[in-house]
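The structure under discussion appears below in the form of structure tokens.
The values are calculated or read from the model by the stated rules, or taken from the named source; none is laboratory data. Treat the numbers as computed from the prediction; the structure is a model and nothing was measured. Glycine also receives a Cβ, built like all others from the backbone with ideal geometry; neighbour counts cover every protein chain displayed. When the accessible area is computed, the model is the full protein with side chains, heavy atoms only, and any ligands, DNA or RNA have been set aside. Shrake-Rupley method; radii C 1.70, N 1.55, O 1.52, S 1.80 Å.
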Amino acid sequence: MTRRFGPVTANDDVDLDVHVGEVHALLGENGAGKSTLMNIVFGSVAPDAGTLEVDGEPVGWPTTRQAIERGICMVHQHLMLVPTLTVAENVLLSVMWTENGRRMSLAEASRRVTEIGERHGLPLDTSALVDDLSIGEKLRLEVVRSLLQGEIRGGLRVLILDEPTALLTRQEIERLFTILRNLAADGTAVVIITHKLNEVMEVSDRVTILRDARRVRTVPTSSTSPQELGTLMVGRELRPRRVVHSTPSGPPVLDVLGVTVADHHRVVVDDVSLSVRAGEIVGVAGVAGSGQDVLAECITGLRRSTSGAIILSGRDVTRVDRRDLIENDVAHVPEDRKVDGLVGSASLRHNFILGLHRWDEFQRRGWMRGRAIDQHAARLSGEFEIRTRGIDQPAQTLSGGNQQRVLLGRELHKAASLIVACGPTRGLDIAGTEYVWNRLVEQRDRGAAILLVSLDLDELLALSDRLIVMQGGRLVGELPAGEADPERLGLMMGGSAPVAVAS
Ligand SMILES: Nc1ncnc2c1ncn2[C@@H]1O[C@H](COP(=O)(O)OP(=O)(O)OP(=O)(O)O)[C@@H](O)[C@H]1O
Ligand SMILES: [Mg+2]
């Protein structure tokens, strides 16, 4: 396959074969061309040259509908759901007909989603609005929808998952991997894109590595190692990183006092109190939807709490405008970059100053300072190694990891006193993750208070000086960095271990 976007070659004569019954991992740096290749297979991007064969027969370049009819389904990197519709309605939108050509009813869609969910351990509330789901639950919905599509076509031939694990906790990842292995055993060819080498080793039978739009190699997983994969991917050896934890003694920058948030009469954050000092990274662990993201939204002014107070450097900011916060003291890397972080259709130039456009640096008496804005964008693009054809490029045409870099570049540039980072390295490749971790530690060492919300326990354990655990909207425990390990945290997140309750 070959596909160009203007001057950028996303896929350069790439060959890939995926066998029945295998889990095939696709690996490569941000912008290497992984999503493009899979979008071609799924029919959502047309190649410039190349052939596609299913079961040995050339099938031309399918449309998405034809792909689904052939039993090829894809869970995208950017989830494809309608937020204003319910779970069942979203499924009905893409699965309109039953096996015997009858029109599917909403009740049937709902029943089958529940049934598939029960069978695979992917529970969903079919009457919930998608907008109200956590990002992990949205992914669950996409997987269930693919399974239903496959069921109706008499079996999934190919299931493609583009970075699904970036949205899941360890336990959820394990469950997903069991599902993928079972699907493969039943004759589905599974392709999974991930940046985590341990996941590649754990779930795949073979790995294909892309670098700079080309295929470097395809190897059986059993004959390779994480070290070799890392080297193949980036062309150099990767060194493990080590972060020195700090025990800050400065005054708290952030104080959250008994914050409660009720949403549609459901309590999603329940009387949470915590504080973060200058020069401290406090990690928030919890399964997706435990209230951690809503809490982050309250602190950054995206949402109002029902009761409680938020104090920032001694100032009560519970009711202040988000604009006031993000222009001055608060950097926010939101959970869902597409919705809360970037304007997809706007250029990089503008995304780099979103929310900061009133800074003197970028405007004078209401007139934007074009040259300063362009220089700013060019500098951050370089610093964060963003793969782009220029600062005019609309954000949504960047690869997923490169979009995340734009967001991080803008927010970390601010030198804010408080950084609220939700899944900051989501979708970043190994080198990018290393870079952002170093930048966060740098910010901590210059005295920023950092609240790190992440589903990635490795990330939490590597960076946090102190860890707190949320479950069902409550703060259920607290651990200093030295006492935390994945098992202990996992148990606390599930609520099945005796925990030290934070005061
Ligand atoms: N619609 C588009 N318009 C312009 N350029 C595009 C478009 N889609 C992809 N590209 C470019 O093609 C290249 C490959 O992108 P792709 O999304 O396939 O990368 P990826 O390997 O999935 O990366 P990531 O790990 O960051 O998701 C990137 O340089 C990207 O900017
Ligand atoms: Mg991608």
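In percent, what relative contact order does the chain have, based on Cα pairs under 8 Å that are 6 or more apart in sequence? It would help to have the intermediate numbers written out before the result.
Working: 996 pairs, mean separation 81.6, N = 503.
This gives 16 percent for the chain.
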Report the FRET efficiency, 1/(1 + (r/R0)^6), for ASN100 and GLU442, where r is their Cβ-Cβ distance and R0 is 51 Å, rounded to 0.05. 0.25
Given Cα pairs under 8 Å that are at least 6 residues apart, what percent is the relative contact order of the stretch 344-414? 43
Solvent-accessible area, 1.4 Å probe, carbon plus sulfur percent, for the chain: 49
Estimated dipole of the chain in Debye, rounded to 20 [Cβ of Lys and Arg +1, of Asp and Glu -1, Cα centre]: 1200
Relative contact order as a percentage, the stretch 3-234, C-alpha pairs under 8 Å and 6+ apart, gives 32
Is there a quick way to get the dipole size of the stretch 3-234? I mean about its Cα centre, with the Cβ of Lys and Arg at +1 and of Asp and Glu at -1; what is the value in debye to the nearest 20? 180
In sequence order, what are the phi-derived ³J(HN,Hα) couplings for the stretch 149-164 according to the Karplus relation 6.51 cos²θ - 1.76 cosθ + 1.60 with θ = phi - 60°, rounded to whole Hz, with x for glycine and proline? 4, x, 4, 6, 8, x, x, 6, 7, 9, 10, 10, 10, 9, 6, x
Output wanted: per-residue J couplings in Hz (rounded whole) for the stretch 365-377, from phi through Karplus 6.51 cos²θ - 1.76 cosθ + 1.60, θ = phi - 60°, x for Gly and Pro. 6, x, 9, 5, 9, x, 5, 4, 5, 5, 5, 4, 5
Taking just the alpha-carbon atoms of the stretch 344-414, what radius of gyration and Dmax come out, in angstrom? 11.4, 36
Using amide H atoms built in the peptide plane, which far-off residues or other-chain residues are under 5 Å from VAL253 H to H? VAL276, ARG277, ALA278
Suppose each label sits 7 Å from its Cα in the direction of the beta carbon; what would the SER307-ASN198 distance come out to in nanometres? 4.1
Long pairs among LYS34/LYS414; LYS138/LYS414; LYS338/LYS414, criterion Cα-Cα beyond 22 Å: LYS34/LYS414; LYS138/LYS414
Under 5 Å between amide H atoms, partner at least 5 residues away or on a different chain: which partners does VAL476 have, H built in plane at 1.01 Å? VAL469, MET470, GLN471
Projected onto the charge dipole of the chain (+1 at Lys/Arg Cβ, -1 at Asp/Glu Cβ, origin at the Cα centre), which of ALA346, THR300, VAL267 gives the Cα projection farthest towards the positive end? ALA346
All Cα pairs of the chain, percent lying beyond 30 Å: 49
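Would you work out if the stretch 153-262 is rounded, prolate or oblate? Take a ≥ b ≥ c from the square roots of the eigenvalues of the alpha-carbon gyration tensor; rounded if a/c is under 1.5, else prolate when a/b is larger than b/c, oblate otherwise. Display every interim value, and only then the final one.
Values: a/c = 2.91, a/b = 1.46, b/c = 2.00.
It comes out oblate by the Cα gyration axes.
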In the neighborhood of GLY286, defined by Cβ-to-Cβ distances under 11 Å, what is the net charge if each Lys or Arg adds +1 and each Asp or Glu adds -1? 0
In deg cm²/dmol, rounded to 500, what helix-only [θ] at 222 nm does the chain give when every DSSP H run of at least 4 residues adds -39500 (n - 2.57) and the total is split over its residues? -10000 deg cm²/dmol
Dipole-positive endmost among LEU92, GLY154, VAL75 within the stretch 71-158 (Cβ charges, Cα centre): GLY154
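Report the GluC sites (Glu not before Pro) located in the stretch 199-280 that are in a DSSP loop and have at most 14 other Cβ atoms inside 10 Å of their Cβ, or state none.
Numbers: sites: GLU199, GLU202, GLU228, GLU237, GLU280; in loops: GLU237.
Answer by residue number: GLU237.
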Residue by residue through the stretch 136-148, what is 3J(HN,Hα) from phi via Karplus (6.51 cos²θ - 1.76 cosθ + 1.60, θ = phi - 60°)? Round to whole Hz and write x for glycine and proline. x, 5, 5, 4, 3, 4, 5, 5, 4, 4, 4, 4, 5
Rounded, prolate or oblate: which one fits the stretch 263-322, using the alpha carbon gyration tensor with axes a ≥ b ≥ c (rounded when a/c is under 1.5, else prolate when a/b beats b/c, else oblate)? oblate
Which of rounded, prolate, oblate describes the stretch 223-380, given a ≥ b ≥ c as roots of the alpha-carbon gyration tensor eigenvalues and a/c under 1.5 marking rounded, otherwise prolate only if a/b is larger than b/c? oblate
Cα centroid of the stretch 303-366 to Cα centroid of the stretch 241-285, whole Å: 19
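Which sequence of ARG474, ARG170 reflects their accessible areas, 1.4 Å probe, from the largest down?
Details: ARG474 130, ARG170 75 Å².
Listed by decreasing accessible area, they come as ARG474, ARG170.
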Name the residue farthest towards the positive end of the dipole of the chain from the options ALA128, LEU176, CYS422, assuming +1 on Cβ of Lys and Arg, -1 on Cβ of Asp and Glu, about the Cα centre. CYS422
Report, in debye and to the nearest 20, how large the dipole of the stretch 234-356 comes out about its Cα centre when Lys and Arg carry +1 and Asp and Glu carry -1 on their Cβ. 500
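I need the peptides 35-41, 444-450 ranked by packing, meaning the mean over residues of other C-beta atoms within 10 angstrom, with the highest value on top.
On the way: 35-41: 24.1, 444-450: 19.6.
Output ranking for 35-41, 444-450: 35-41, 444-450.
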What nm distance separates the two modelled labels at ARG111 and LEU93, each placed 7 Å from Cα along Cα→Cβ? 2.4
For the stretch 392-415, list residues with backbone N below 18 Å from a point placed 7 Å from the Cα of THR64 toward its Cβ? 396-400
At what distance in nm do the modelled label points of PHE5 and THR84 sit from each other, each positioned 7 Å from its Cα along Cα→Cβ? 2.8
Any idea of the accessible area per residue across the chain, 1.4 Å probe, to the nearest Å²? 43
